[in-house]
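Engineer: One structure coming up, written as structure tokens, with questions to follow.
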Amino acid sequence: MSQQIIGPVSQFYVSQRLKLHYVDWGNEDKPPLLLVHGGRDHCRNWDWVAQSLRDRYHVIAPDLRGHGDSQWMVGGTYEFNDYVYDIAQLIHQLKLAPLTIVSHSMGGAISLRYTGLYPDTVKKLVVIEGLGPSPKMIAERMTDAPDERLRKWIAELRKSSSRLPRRYVSIEDAYKRMQDENPHLSPERARHLTLHGITQNEDGTYSWKFDNYVRTFSPNGFDVKATQNLWGKVTCPTLLMRGADSWASDPAADGRASHFKNAEVATIEKAGHWVHHDQFDEFISLTNAFLEK
């Protein structure tokens, strides 16, 4: 009798000459489901979600460029549309369409843009706090003139060029940093995310896998009109989810949900930005109910 494979299999694909990583949870005869992580995160943050859905779906979870075990880009600007291209390439190369997407934060914004561009390829979409900055935050950021935003971008890039990846003496030190970053995380989840999110340096210390340059955003700002136009082109049923304790504003209250043709909003109590970790049982229950409709 063959032994059951519990974890996923690591695979790679090429996008814009970068070698990008993803994990495949098997069950290829089932409908495809893509899990897209957020900024400074990695594909193994979805493990609990993948384990819950793998019996009914062929689950694929990529590491975005500059994250996890994917290659870092040459240069300093991780343009948002490059992330979108990478996801489009993964879906194209693996022939995943039509598919379902579950996504978080920046991964949600990437998934929304992809779906707006190719609405016929996505059957259902779950987005955890992926609408980007709130209208209030955007208004505050846009008080800077374009030339001032460009100067700030140059200064930020220069700062990133001299910023060395933080080195932790032990895995325990990195684990404590993970717990400090999100106090909602259980010790088990914090340790799991740490073990998959760090790499050991030649001197024996540990650093996070993501490229520090992913912290730097384009000086062009957040194009509200273009983004809302793409939201309006999303035709599939969409679940917009947020944590009640998060910095993210309510898309139903601030008007952003109204740009979608077929979206519902769910607010999860006692959860911050990482809803799928902070209140996993409620998250997976709502997600299952939405996907089974």
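The values are calculated or read from the model by the stated rules, or taken from the named source; none is laboratory data. Predicted model, so just to flag it, every value in this text is computed and none were measured. So basically every Cβ, Gly included, is an ideal-geometry build from the backbone, and we count neighbours across all protein chains shown.
Engineer: Would you confirm, using the coordinates I've provided, whether LEU291 is part of a helix (DSSP H, G or I) and either closer than 30 Å to ASP173 by Cβ or β-branched (Val, Ile, Thr) (or both)?
Structural biologist: Judged against the criteria, LEU291 is not a match.
Engineer: State the number of residues belonging to the stretch 148-185 that are within 24 Å of TRP48 (Cβ to Cβ) and free of Cβ contacts under 8 Å to residues at least 60 places away in the same chain.
Structural biologist: Qualifying residue count for the region: 11.
Residue by residue, here is whether (1) basic (Lys, Arg); (2) more than 22 Å from CYS43 (Cβ to Cβ) holds:
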residue: GLY107; (1), (2): no, no
residue: THR115; (1), (2): no, no
residue: SER134; (1), (2): no, yes
residue: ILE138; (1), (2): no, yes
residue: ARG189; (1), (2): yes, no
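Engineer: Please find, within the stretch 1-59, the residue that is nearest to PHE210 (Cα to Cα) out of those that are surrounded by 15 or more Cβ atoms within 10 Å (Cβ to Cβ) and β-branched (Val, Ile, Thr).
Structural biologist: VAL36
Engineer: Out of the stretch 248-287, which residues are surrounded by fewer than 19 Cβ atoms within 10 Å (Cβ to Cβ), within 19 Å of ASN45 (Cβ to Cβ) and touching a residue at least 60 places away in the same chain (Cβ under 8 Å)?
Structural biologist: Matches in the stretch 248-287: PHE280, ILE284.
Engineer: Here is a further query. Which number in (1) farther than 19 Å from HIS104 by Cα; (2) modelled with pLDDT under 95; (3) in contact with a Ser or Thr (Cβ under 7 Å, 6 or more places away or on another chain); (4) hydroxyl-bearing (Ser, Thr, Tyr) marks the one condition that THR143 misses?
Structural biologist: (3)
Engineer: Go through (1) surrounded by fewer than 23 Cβ atoms within 10 Å (Cβ to Cβ); (2) in contact with a helix residue (DSSP H, G or I) (Cβ under 8 Å, 6 or more places away or on another chain); (3) assigned to a helix (DSSP H, G or I); (4) without any contact (Cβ under 8 Å) to a residue 60 or more places away in the chain and name the single condition ASP144 misses.
Structural biologist: The failed condition is (3).
Engineer: Does the stretch 195-215 hold any residues that are more than 19 Å from TRP46 (Cα to Cα), without any contact (Cβ under 8 Å) to a residue 24 or more places away in the chain and not in a loop (DSSP other than H, G, I, E, B), and which are they?
Structural biologist: Hit for the stretch 195-215 is GLN200, nothing else.
Engineer: Further, regarding this structure: Look at THR194 and say whether it is crowded, with 20+ Cβ neighbours inside 10 Å and either of a type in the set (S, T, N, Q) or out of contact with any Ser or Thr (no Cβ under 7 Å at 6 or more places or on another chain) (or both).
Structural biologist: Judged against the criteria, THR194 is a match.
Engineer: Here's a check for you: in the stretch 188-222, which residue that is of a type in the set (Lys, Arg) and either touching an Asp or Glu at 6+ places or on another chain (Cβ under 8 Å) or more than 21 Å from SER170 (Cβ to Cβ) (or both) is modelled with the highest pLDDT?
Structural biologist: LYS209
Engineer: Right, here's the next one. Select from the stretch 243-267 the residues that are in a helix (DSSP H, G or I) and either more than 22 Å from ALA289 (Cβ to Cβ) or out of contact with any Pro (no Cβ under 9 Å at 6 or more places or on another chain) (or both) and list them in ascending order.
Structural biologist: ARG256, SER258, HIS259
Engineer: If you don't mind, there's one more thing I want to ask. Assuming ARG163 fulfils every condition listed in (1) loosely packed, with under 13 Cβ neighbours inside 10 Å; (2) in contact with a helix residue (DSSP H, G or I) (Cβ under 8 Å, 6 or more places away or on another chain); (3) modelled with pLDDT of 90 or more apart from one, which condition is it?
Structural biologist: (3)
Engineer: Can you tell me how many residues within the stretch 94-104 are surrounded by 23 or more Cβ atoms within 10 Å (Cβ to Cβ) and not β-branched (Val, Ile, Thr)?
Structural biologist: 2
Engineer: Moving to a separate point now. Consider GLU140 carefully, then state whether it is charged (D, E, K, R) and closer than 21 Å to LEU286 by Cβ.
Structural biologist: no
Engineer: Would you mind stating whether ILE110 is assigned to a helix (DSSP H, G or I), buried (at least 24 other Cβ atoms within 10 Å of the Cβ) and in contact with a Ser or Thr (Cβ under 8 Å, 6 or more places away or on another chain)?
Structural biologist: Here the answer is yes, as ILE110 does meet what is asked.
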